[in-house]
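**Student:** First, the structure itself, so that you have it in front of you.
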């Protein structure tokens, strides 16, 4: 075997080894984290999930949905109050001095929540028990 054939064979072996190492380190379908599937909530489900809870983005804003139908929002230091209700399987929120109400489909998976309204990007957040922070 000539010297160039030996070098070529070693290069091929190195490339095959590298390809196998890369393939072995790639995530396997069964080990990959499954995407969370959000489910659309009905009127009754919305009431059970939202009443008495806070909807937050974990950084900039939080909204507390009191069981009596009032909503309190704190966003970047701005506080607002208003009313919330459910109409036709949608959560409707109307803040004082900002009528009319905006209504959203509510989609959830565990604590993750999306408020969806036609023509707008979904409002994404997390639903949690009230922390007392304002």
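Values in this text are rule-based calculations from the coordinates and carry no lab data. Computed from a predicted model, the values in this text were never measured in an experiment. Counting neighbours? That spans all protein chains shown, and the Cβs are built from the backbone with ideal geometry, glycine included.
**Student:** Would you mind checking the stretch 55-78 for residues with the amide N under 19 Å from a putative spin-label position 7 Å along Cα→C-beta of residue 124?
**Tutor:** Answer for this model: 55-63.
**Student:** Then there's this: What's the ranking of 51-63, 110-122 by average number of surrounding C-beta atoms within 10 Å, highest first?
**Tutor:** Highest-to-lowest ranking by the protection proxy: 51-63, 110-122.
**Student:** Something else: Where a ≥ b ≥ c are the square roots of the eigenvalues of the C-alpha gyration tensor, would you call the stretch 39-128 rounded, which needs a/c under 1.5, or, failing that, prolate if a/b is larger than b/c, or oblate?
**Tutor:** rounded
**Student:** Which distance in Å, rounded to a whole number, links the C-alpha centroids of the stretch 49-82 and the stretch 101-134?
**Tutor:** 10 Å
**Student:** Could I ask something else about it? With label points built 7 Å along Cα→Cβ from the Cα atoms of residue 111 and residue 43, find their separation and express it in nm.
**Tutor:** It works out to 3.1 nm between the two label points.
**Student:** Treat the count of other C-beta atoms within 10 Å as a stand-in for reagent exposure and order 64, 95 from fewest to most.
**Tutor:** The fewest-first ordering by Cβ neighbours comes to 95, 64.
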